[in-house]
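Scroll down for the structure; my scribbles are underneath it.
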Amino acid sequence: MGRHEQREQLFRLLFQVEFHKAEDMPKQTRLFLEGSEEIRSEKDADYIEARCQAVRQLIPEIDRLIDENTVGWETARMGKVELAVLRLAVYELRYDEDIPQGVAIDEAVEIAKKYGQENAGGFVNAILAKIVKCKPGD
């Protein structure tokens, strides 16, 4: 499984965060990983699970950053697809030095276009572009 496929599976798992209590997510994660036909190797499953946990732990910080870089769109009002995509992309932009910014943004826009509403790609791109322009700690 390539990085793109891993990222898409991770997005699908993060999407579930909005529909389950935090204490239920470990069980939901196991069900997701065991039930996915796309995730065939234990290595991929472990990677996706670890990344999901890392993003989930930082959701308050990530959401604050998203809220600070939107006008009239706090995370509570966003579509669940767009929110999950943004959370993953912001994690990659701010907390994962192995992923180039351009790759994180391009992948987020593609996932938003595939799973989100009609203008989701542009919406995600605009927010991420603003986040990239502000320095960490701003």
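The values are calculated or read from the model by the stated rules, or taken from the named source; none is laboratory data. Predicted model, so just to flag it, every value in this text is computed and none were measured. All Cβ positions, glycine included, derive from the backbone under ideal geometry; neighbour counts span all protein chains shown. What goes into the accessible areas is simple: the full protein's heavy atoms, side chains included, and nothing from ligands, DNA or RNA. Shrake-Rupley method; radii C 1.70, N 1.55, O 1.52, S 1.80 Å.
Just a few scattered comments:
- Share of carbon and sulfur in the accessible heavy-atom surface of the chain [1.4 Å probe, %]: 48 percent
- With 0.36 nm allotted per residue and the present C-alpha distance subtracted, the LYS114-ASP46 stretch has 22.0 nm of extension available.
- Efficiency of FRET from Cβ geometry, ALA126 and GLN57, R₀ 41 Å, rounded to 0.05: 0.95
- Percentage relative contact order, the chain, counting C-alpha pairs under 8 Å, at least six apart: 23 percent
- Degrees separating the helix 25-35 axis from the principal Cα axis of the chain, which is the longest one: 60 degrees
- Evaluated over the stretch 1-125, the count of Lys pairs having alpha-carbon atoms less than 22 Å apart is 5 (only pairs 8 or more residues apart or interchain).
- Taking Cα atoms only, the orientation of helix 59-68 departs from the longest principal axis of the chain by about 20 degrees.
- Charging the Cβ of each Asp and Glu at -1 and of each Lys and Arg at +1, and nothing else, the dipole of the stretch 16-138 about its Cα centre rounds to 300 debye.
- The peptide list 4-16, 95-107, 56-68, 116-128, put in order of mean Cβ contacts within 10 Å with the highest first, becomes 4-16, 116-128, 56-68, 95-107.
- Taking the helices alone, the chain has a mean residue ellipticity at 222 nm of -22000 deg cm²/dmol, built from -39,500 (n - 2.57) per DSSP H run of at least 4 residues and averaged over all its residues.
- About its Cα centre, the dipole of the stretch 1-65 is roughly 140 debye, where the only charges are +1 on Lys and Arg Cβ and -1 on Asp and Glu Cβ.
- Probe 1.4 Å, protein heavy atoms only - accessible area per residue of the stretch 14-72 in square angstrom: 63 Å²
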